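Beneath this line is the structure, given in structure tokens, with notes to follow.
The values are calculated or read from the model by the stated rules, or taken from the named source; none is laboratory data. Given the structure is predicted, the values throughout are model-derived calculations rather than measurements. For neighbour counting, all protein chains shown are included, and Cβ atoms are generated from backbone atoms with ideal geometry for every residue, glycine included.
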Amino acid sequence: MRTYKQAAREYWNYQLRPIWEAQRKAQAENAAQALERQQKQQPSPVLVGVDVGQVNDPAAIVAAVMEERRDVDGKVHSHYAVKHMARLPLGTSYIGIVERCHAIEDKLSKTYQKRKFLVDCTGSGRVIVDLYRERNMAIRPVTITFSGRSHVKDGWLHLTKGEMAANLSALFDTKRVHLPARSRYANVIRDELRTYKIKVSQAGNAQFGAFSYGEHDDLITALGFVCYYGERAPRGRVRWI
């Protein structure tokens, strides 16, 4: 003779569970369709990170499309599909960097409505900002700091390198950064991420970057600008300032 619990379990397994599973599947399909419609209504923006380089480090440019995707956990997350990577010759002038970015802007404008350049202005100040704005290019100036917290002030992103490194590591670990397989710089970025060392100064401050002779972190820094800004933008769109 069946007990009450056995009867209830059989009723759940053979009567209620199929209905419940069908409803969950329908809800997931509806959510995916709604996300697809939203993406069509709001075209994915392109974020372009620019590391202007230093005396011994080349300038680098990384452009990525920020897409909203539903992951296996059922939640919507931003993914970064890298479409362009370039390392400029050592010693390229600010004007040369801006001209290269302007050429990329012209190419991107044929496909993407929203484009924003996140440019390292740590050493150049307003000089390079004015060069971009003279060409009517949307720019978010970035200054790199090694302590405190990242914040936006007067339209400038003051980015702590430690926060940028932690954000990049988390995105790569969750497979939300997608590098083009055929690009010669894809493995370079992976190598830069692996050699992105942590060094503690005598004052006790953590420093992030490539510190060995011959190592560079220009490409991973440009990508770091893109990913950090993208993660802090309102979900589903980029706030243009």
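Selection within region 145-198: residues that are within 17 Å of Arg232 (Cα to Cα) and charged (D, E, K, R). The member of this set that is modelled with the lowest pLDDT is Lys161. On the basis of being exposed (fewer than 12 other Cβ atoms within 10 Å of the Cβ), within 12 Å of Val52 (Cα to Cα), assigned by TED's automatic domain parsing to the domain that holds Tyr228 and hydrophobic (A, V, I, L, M, F, W, C), does Ile128 make the cut? Taking the combined requirement at face value, the residue does not satisfy it. Restricting attention to region 68-102, the residues being out of contact with any Gly (no Cβ under 9 Å at 6 or more places or on another chain) and either of a type in the set (Ser, Thr, Tyr) or over 22 Å from Pro58 (Cβ atoms) (or both) number 12.
Just checking: which of the strands (runs of 3 or more DSSP E) contained wholly in region 69-165 hold 1 or more residues that are of a type in the set (Lys, Arg)? Before the answer, list the steps.
Working: elements: 76-87, 115-120, 139-145, 151-153, 156-160.
Once the strands (runs of 3 or more DSSP E) in region 69-165 are filtered for at least 1 residues that are of a type in the set (Lys, Arg), what remains is 76-87, 115-120, 139-145, 151-153.
Among the residues of region 64-73, is there at least one that is over 18 Å from the mean Cα position of the chain (by Cα) and either among the β-branched types (Val, Ile, Thr) or surrounded by fewer than 19 Cβ atoms within 10 Å (Cβ to Cβ) (or both)? Yes, region 64-73 contains a residue that is over 18 Å from the mean Cα position of the chain (by Cα) and either among the β-branched types (Val, Ile, Thr) or surrounded by fewer than 19 Cβ atoms within 10 Å (Cβ to Cβ) (or both). Looking only at region 90-113, residues that are within 21 Å of the chain's Cα centre (by Cα), modelled with pLDDT of 85 or more and farther than 18 Å from Glu134 by Cβ come to 2 in all.
Among residues of region 211-232 being of a type in the set (A, V, I, L, M) and touching a Phe, Trp or Tyr at 6+ places or on another chain (Cβ under 7 Å), the one that is modelled with the highest pLDDT is Val226. As a summary of the residue check, Ala60 satisfies the conditions (1) within 19 Å of the chain's Cα centre (by Cα); (2) more than 21 Å from Cys227 (Cα to Cα) except for the one numbered (2).
Kindly establish whether His84 is farther than 15 Å from Asp51 by Cα, surrounded by 16 or more Cβ atoms within 10 Å (Cβ to Cβ) and touching a Leu at 6+ places or on another chain (Cβ under 9 Å). Reasoning before the result, please.
On the way: farther than 15 Å from Asp51 by Cα: no; surrounded by 16 or more Cβ atoms within 10 Å (Cβ to Cβ): yes; touching a Leu at 6+ places or on another chain (Cβ under 9 Å): yes.
Against the criterion (farther than 15 Å from Asp51 by Cα, surrounded by 16 or more Cβ atoms within 10 Å (Cβ to Cβ) and touching a Leu at 6+ places or on another chain (Cβ under 9 Å)), His84 does not qualify.
May I ask you to list the residues in region 44-63 that are farther than 16 Å from His77 by Cα and either modelled with pLDDT under 80 or not hydrophobic (A, V, I, L, M, F, W, C) (or both)? Matches in region 44-63: Gly49, Asp51, Gly53, Gln54, Val55, Asn56, Asp57, Pro58.
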